[in-house]
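Some notes on the structure that comes next.
The values are calculated or read from the model by the stated rules, or taken from the named source; none is laboratory data. Please read these numbers as outputs of a predicted model, since none were measured by experiment. Every residue, glycine as well, gets a Cβ built from its backbone with ideal geometry; the counts of neighbours run over all protein chains shown. Heads up: the accessible areas ignore ligands, DNA and RNA and are worked out on the full protein's heavy atoms, side chains in. Shrake-Rupley method; radii C 1.70, N 1.55, O 1.52, S 1.80 Å.
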Amino acid sequence: MIQSLAYLGITTPSYEQWATFGPDLLGLELAPRRDDGTVLLRMDDSAWRLALHPGERDDVAYIGWNVPDAKTARALADRLAEYGVQAHEAPPETAAARAVEGLLAFTDPFGLRHELSWGRDHRPATFRPGRPLSGFKTGEQGMGHIVLLVPDLAQADDFFSDALGFRLSDRIVIGGKMQIRFYHVNGRHHTLAIAEAPGVTGLQHLMLETNSLDDVGTALDLCERNDVPLALTLGRHVNDLMTSFYLHTPAAFQIEYGFGGIAVDDLSWESRTFDRFSIWGHHPTEPSKGLPPALITRAEQA
Ligand SMILES: [Fe+2]
C-alpha cells in the first residue's frame, strides 16, 4: 500500500528563484544545492521534500510516494501490470538522488511519472525553517496533498483507486459538470485529489499544512509585502475543513498554504458529496486572472 506523499520533483526555468522563495516566503529549509543548480527544499527531518530542477519549461518531473518496503512496491508493480502499466526499478544513482533506499518508477495513463519509494533518509532534529515558523504537519500524513488535472476522471479513478489503492474521501460536484474526487492513503483527509479538465493534464496545486494558524497568517502578510499574487483569498474548505489561502508560485502550479485539516478514520468515514469548495472565503483574486491556473504538463490540440 502507498502510505503517503513523500516528495515532489518539478523542472522549471525559475529554479533559481526558489532558493529564496522556498525559505523566505514558504518557510521551507534550503538543503545543500546540487551541482546542476537543483534546489532542494526541506519541510521536516526528511532529507528533502520538494525539488526544483533546471529545465526549459515548467513540468512535473516525478511524484514520489512512500511505501513500507521493496516487497510492497513489487506487489504494487504486479498489480499495475494488470492495468497495462509497467513499473521499473530505478538504478542506484536515482535512488541516491531521491535520498531513498530504492524505488520503482512508472508512468500513469496521463503521462505523469510516479515513484514508489522506500527507506527515505531521515535526520532527526535537524529541520530549521527558512523563517520563523512553528513547523509543518508531516509525519505519517506525508508532505501534504496534490491536486492533479486529467482529461478523463473515470479513467483516473479506476487507475488510482483500483490499481494503486487510493481510498475515496469525498467529492465536490459543481453545477452537475465540474467534479473533483478526493482520496486518502493515511489519516490526512486527502493526499491526492483529481479534477477533470477536458484535454488537459497537469498539477493544479500542492498543499502544505502548518502546525499553527499564525504560520498561515504570517505567510499571507509576506505575500502582501513581497507582491506574491494570491490565487484564492483566505477561506475554509467544506470537506477537509482546512483554513488556507492559495498563492501563485514561480513554476505555474499553486501552493495551498493551510492549517487545521481534519483526519479521516476508515472504520467510520462516510464518503460525502458537496456542491461547493468552501464554507467561506477562497475567492479568486483580480491579479490571478492573468496568471496560469495550473502547471500544464500536457494539452491536446483541439
Ligand atoms: Fe487543496
Open item on the list: Among the numbered criteria (1) touching an Asp or Glu at 6+ places or on another chain (Cβ under 7 Å); (2) open to solvent by less than 10 Å² (accessible area, probe 1.4 Å), which one does Ile172 miss?
Closed with: (1)
Open item on the list: List the residue pairs whose Cβ atoms are under 8 Å apart, where the first residue sits in segment 84-95 and is more than 17 Å from Trp65 (Cα to Cα), the second is at pLDDT below 95 and part of a strand (DSSP E or B), and the two are 6 or more positions apart or on different chains.
Closed with: none
Task: Filtered residues of segment 169-187 (kept if among the hydrophobic types (A, V, I, L, M, F, W, C) and either more than 16 Å from the ligand (Cβ to nearest atom) or closer than 27 Å to Asn211 by Cβ (or both)) - done: Ile172, Val173, Ile180, Phe182, Val185
TODO: Quick one: His190 ticks every box in (1) over 26 Å from Ser134 (Cβ atoms); (2) within 16 Å of the ligand (Cβ to nearest atom); (3) surrounded by 14 or more Cβ atoms within 10 Å (Cβ to Cβ) except a single one, so which number is it?
DONE: (1)
Task: Hits in segment 111-146 - residues which are on the phi > 0 side of the Ramachandran plot and away from the ligand (no atom under 16 Å from the Cβ) - done: Gly111, Gly119, Ala125, Gly135, Gly139
- [ ] Please go through segment 14-72 and pick out each residue that is of a type in the set (Val, Ile, Thr), in contact with an Asp or Glu (Cβ under 8 Å, 6 or more places away or on another chain) and under 20 Å from Ala105 (Cα atoms).
- [x] Ile63
Task: Qualifying positions in segment 210-251 - more than 28 Å from Asp275 (Cβ to Cβ), within 17 Å of the chain's Cα centre (by Cα) and within 16 Å of the ligand (Cβ to nearest atom) - done: Thr210, Thr249
